[in-house]
1. State all residues of the range 249-260 that are touching a residue at least 12 places away in the same chain (Cβ under 8 Å) and farther than 14 Å from Ser180 by Cα; if no residue qualifies, say none.
2. Tell me which residues, restricted to the range 100-122, are under 22 Å from Phe140 (Cα atoms) and without any contact (Cβ under 8 Å) to a residue 24 or more places away in the chain.
3. Looking at the range 135-166 only, could you name the residues that are in contact with a Lys or Arg (Cβ under 8 Å, 6 or more places away or on another chain) and either closer than 25 Å to Leu8 by Cα or among the polar types (S, T, N, Q) (or both)?
4. From the list Ile148, Ile144, Ile161, which residue is under 18 Å from Lys83 (Cβ atoms) and either aromatic (Phe, Trp, Tyr) or assigned by TED's automatic domain parsing to the domain that holds Lys225 (or both)?
5. With Glu68, Glu39 as the choices, which residue is within 18 Å of the chain's Cα centre (by Cα) and of a type in the set (D, E, K, R)?
6. Working carefully through the options Gly78, Gly53, find the one that is on the phi > 0 side of the Ramachandran plot and not assigned by TED's automatic domain parsing to the domain that holds Ile112.
7. When you check Gln29 against the structure, is it out of contact with any strand residue (DSSP E or B) (no Cβ under 6 Å at 6 or more places or on another chain) and at pLDDT 95 or above, yes or no?
8. Does Leu46 fit the bill of being over 21 Å from His211 (Cα atoms), surrounded by 12 or more Cβ atoms within 10 Å (Cβ to Cβ) and over 20 Å from the mean Cα position of the chain (by Cα)?
Amino acid sequence: MLNNIYPLDSKSIHKLSSKGLSLKTLKDQINDELDFTLELWRSQGLNIVKHQGNFYFATKFISIQEAEFCIVDIETNGSKIDKHQIIEIAAVKIKNNKILGTYESLVHCKNINKHISDITGITTKDTKNAPSLKQVMYEFKHFIGDTIFVAHDVKFDYNFISQSLQKVSLEPLLNRSLCSLFLAERTIESYRYALSYLNKLLNLYPNAIHHRAMSDVMTTYELFKLSLNNLDDSYHFVEDIIKFSKEAKRLKRPKFDPFLKNQDEEKVLL
């Protein structure tokens with residue numbers, strides 16, 4: 001997802017999150033006026049700031065407590081963006097673990113097959129009077145602003161939404177992103193890290209309806225709060241936890257599934 005910051009190369013993008021990128025390097029890679037490009041990126045959810053002569057992601061200097069995170073989940077009628085579309089989206093914007101606002105919508109869709117309906121409970125009839133993808137993407141873009149995009153297995157949701165924005169003639173997302181699954185793997189000991197499994201293990205959101213967007217968002221919200229609470233005091237800024245979620249050592253998983261303990265003991269006896 002970082003490579004979406006056109007036209008910067010991967011090395012320059014990494015410097016924006018670490019030791020900073022020089023003005024010369026930035027200008028050498030940008031084919032337009034610097035101020036125009038920075039403003040364009042800002043409209044796509046990415047703020048770049050100048051600090052002591054170099055340029056950085058603004059999230060390098062935003063504390064975890066002061067940052068606004070947007071927890072997002074989508075349901076789709078398939079996994080291929082060229083053939084399929086979003087049928088439901090939900091998002092919760094939070095700051096210092098408190099909810100600032102919510103967004104939720106079904107999306108008009110003419111073709112939802114039975115397999116998808118069986119998983120999500122959403123049928124073509126349910127979306128008949130729902131707003132168009134274009135309207136929903138415009139509303140979501142306004143809602144998320146420049147917050148940090150959080151999702152469970154974030155790559156799918158982020159890329160699908162970003163490409164959906166392009167489908168309706170909007171610019172792709174450039175918001176900084178954070179994967180709650182990766183973060184959980186490093187802060188919570190579990191046999192598995194699927195959202196439904198973690199919800200069962202930790203009783204995160206007791207009334208959860210798996211594969212419904214707002215329910216999964218609220219479950220992820222509870223998981224995200226728990227993960228942040230389990231971090232030690234050395235992580236102060238947003239870029240610290242983004243790096244931690246990608247590079248820190250994963251916790252060792254238990255050898256046995258606690259929900260299958262009796263069955264495993266029986267297998268050993270046999």
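The values are calculated or read from the model by the stated rules, or taken from the named source; none is laboratory data. Every value quoted in this text rests on a predicted model; they were computed, and no experiment measured them. Here Cβ is always computed from backbone atoms with ideal geometry, including for glycine, and neighbour counts include all displayed protein chains.
1. Lys249, Leu251, Lys252, Arg253, Pro254, Phe256, Asp257, Pro258, Phe259
2. Lys110
3. Scanning the range 135-166 gives Ile144, Asp146, Thr147, Ile148, Phe149, Leu165.
4. Ile161
5. Glu68
6. Working: Gly78 fails: not assigned by TED's automatic domain parsing to the domain that holds Ile112.
The unique qualifying residue is Gly53.
7. no
8. It is false that Leu46 is over 21 Å from His211 (Cα atoms), surrounded by 12 or more Cβ atoms within 10 Å (Cβ to Cβ) and over 20 Å from the mean Cα position of the chain (by Cα).
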